[in-house]
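Participant: Before I ask anything, here is the structure I am working with.
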Amino acid sequence: MIIIHNKYRSVDMKILVYDNQQAYYELLRSGFSENAVFSLFNGLSFELADKEYNMIIFFIYDELELLDFIKLYQENIPIVLGLSLMNKYSNFRAQGNIHYLHLDKLKNEIIEDVGKLLKQYLRQ
């Protein structure tokens with residue numbers, strides 16, 4: 001379990017998760033302490049996401065979901081794209097507010113990578 005906090009006080013990170021299969025959503029919910037609150041995207045809109053959430057994690061399983069991401073993209077909130085088969089996308093690097101999460105890793109490595117990103121944004 002990873003506890004997300006800064007040295008001054010405990011901070012709740014509110015993270016919106018787009019995951020049609022819900023497997024990674026459940027992994028994140030079970031892998032973090034109560035300091036990180038994950039909400040599953042309900043299919044409505046991302047329009048208010050930057051006001052309600054600190055980050056969006058978007059798990060992409062196919063090209064249609066990639067198109068959803070393109071439609072819903074906002075540049076004013078940190079976004080993590082979870083992609084499987086990263087060998088196909090191995091040259092992807094973080095750019096601006098977009099970070100990439102390699103889903104071909106072990107579950108504990110995925111949790112660790114997300115934890116590092118959350119801690120990075122807590123420092124800002």
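Participant: Filter the range 51-64 down to the residues that are of a type outside the set (A, V, I, L, M, F, W, C) and exposed (fewer than 15 other Cβ atoms within 10 Å of the Cβ), then identify the one that is nearest to residue 22 (Cα to Cα).
Facilitator: Filtering first and then ranking leaves 62.
Participant: Return yes when residue 124 is at pLDDT 85 or above, exposed (fewer than 11 other Cβ atoms within 10 Å of the Cβ) and not in a strand (DSSP E or B) and no when it is not.
Facilitator: On the way: at pLDDT 85 or above: no; exposed (fewer than 11 other Cβ atoms within 10 Å of the Cβ): yes; not in a strand (DSSP E or B): yes.
No; evaluated as a whole, the condition is false for this residue.
Participant: Within the set of pairs 6+ apart or on separate chains, which have a first residue in the range 93-120 that is touching a residue at least 40 places away in the same chain (Cβ under 8 Å), a second that is assigned to a loop (DSSP other than H, G, I, E, B), and C-beta atoms under 6 Å apart?
Facilitator: The qualifying pairs are 103/84; 118/4.
The values are calculated or read from the model by the stated rules, or taken from the named source; none is laboratory data. In this text, all values refer to a predicted model and were calculated from it rather than measured experimentally. Cβ atoms come from the backbone with ideal geometry, glycine included; neighbour counts cover every protein chain shown.
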